[in-house]
Amino acid sequence: MKDESKSVEPDNDVYKTLLESTRAIPWKIDWNTMQFAYIGPQIEDLLGWAPSSWVSVNDWAERMHPDDQKWVVDFCVSQSKSGTDHEADYRALTKDGNYVWIRDVVHVARDENGEVEALIGFMFDISERKETEQKLLDLQKELEELSFKDGLTGVSNRRMLDSVLEQEWVRARREQQPLSLLLIDIDFFKQFNDFYGHMQGDDCLIKVAQVLSEAATRSRDFFARFGGEEFVMVLPETDAEAAQKIAQRCQQFIFKQQIPHAESAVSQILTISIGSGTLIPSHKDELRDFVDRIDRALYQAKQAGRNRIQAA
């Protein structure tokens with residue numbers, strides 16, 4: 001008959017060898033003493049700390065990024081007390097002062113009475129995965145930003161304008177503050193394109209967008225391309241008088257550029273027409289009506305000879 005007692009010890013050695021040859025780092029903590037009963041030697045290769053330096057859970061907690069420490073410790077302790085297996089991702093401190101992303105997978109071991117006896121787990125190096133995830137997040141953010149930018153001029157596009165304008169309209173109505181809007185149109189731009197060519201026309205749009213965006217000086221002032229040769233400036237908490245001054249500044253900025261326009265009927269250099277409007281919105285007012293009134297004001301400025309500002 002086979003002697004079973006002789007086969008147990010070699011099996012334990014095999015298990016230990018297998019555990020210590022994997023990239024995952026095994027560990028065990030005695031629940032009553034909160035001391036490490038075991039931690040794999042791979043920990044030194046990963047973090048630089050010798051296995052003998054991992055004495056208690058305090059060593060584990062202190063070798064953690066300050067931003068992760070509290071929530072990870074609180075989470076793991078609460079889950080362990082309830083006897084729930086769990087896992088947590090955090091940045092572990094290396095001996096040379098850097099950080100490595102770790103995933104700790106924890107099994108809660110109980111005794112025959114159902115009481116928590118030990119925590120047994122594995123640490124995994126997930127730095128490469130986290131780096132990939134961060135690159136994907138950065139890419140996603142970049143794509144989102146691009147989706148809100150005009151492809152030619154680089155300023156905000158109509159999609160972003162609709163979102164910002166709606167937010168500012170709701171805020172102005174709630175706080176009973178004036179909201180001003182400028183609709184800006186390049187005078188005789190079709191003739192500019194026909195005379196100078198579409199490449200020059202694109203360069204002109206880029207230049208005008210850059211110059212006009214600099215006229216919006218406050219952090220909440222918002223500038224966007226409305227479409228074609230039209231641009232919009234959203235001016236929160238701005239009364240009609242202040243909006244008029246900003247519109248004049250826009251014209252001055254464009255004038256200083258001295259962009260030649262041989263086919264303009266009002267000037268030998270590029271000019272702009274502006275429709276402006278100001279409103280403290282009430283619940284009876286509609287944003288679309290407000291924009292339509294300013295659009296009509298812009299039309300009136302163009303009908304009256306262009307190169308002018310018309311208030312709604």
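Please treat every number below as a calculation from the coordinates, not as lab data. Being a predicted model, the structure only gives us computed values, none of them experimental. FYI the Cβ positions are ideal-geometry reconstructions off the backbone, even for glycines, and counts take in every protein chain you see.
Here are some notes:
- Restricting segment 209-273 to GluC sites (Glu not before Pro) that sit in a DSSP loop and have at most 12 other Cβ atoms within 10 Å of their own Cβ leaves Glu214.
- Taking the number of Cβ atoms within 10 Å of each Cβ as an exposure proxy, the fewest-first ranking of Val155, Val170, Val291 is Val170, Val291, Val155.
- Straight-distance candidates among the lysines for linking to Lys207, with alpha-carbon spacing under 28 Å and chain neighbours fewer than 8 residues away dropped: Lys141, Lys149, Lys190, Lys245, Lys256, Lys302.
- Between Ile126 and Gln176, the contour length at 0.36 nm per residue exceeds the Cα-Cα span by 12.9 nm.
- Net charge contributed by nearby residues that have their C-beta within less than 9 Å of Val72 (K/R +1, D/E -1): -3
- Cross-link reach list, lysines versus Lys70, counting only Cα pairs under 22 Å and skipping chain neighbours closer than eight places: Lys28, Lys81, Lys95, Lys130
- Helix 158-175 vs. the chain, principal-axis angle (Cα, 0 to 90°, nearest 10): 90 degrees
- Across the chain, the relative contact order, built from alpha-carbon pairs under 8 Å that are at least six residues apart, equals 13 percent.
- Ranking Phe195, Ile294, Gln177 by Cα position along the charge dipole of segment 177-312, where only Lys, Arg, Asp and Glu carry charges on their C-beta atoms, puts Gln177 farthest toward the positive end.
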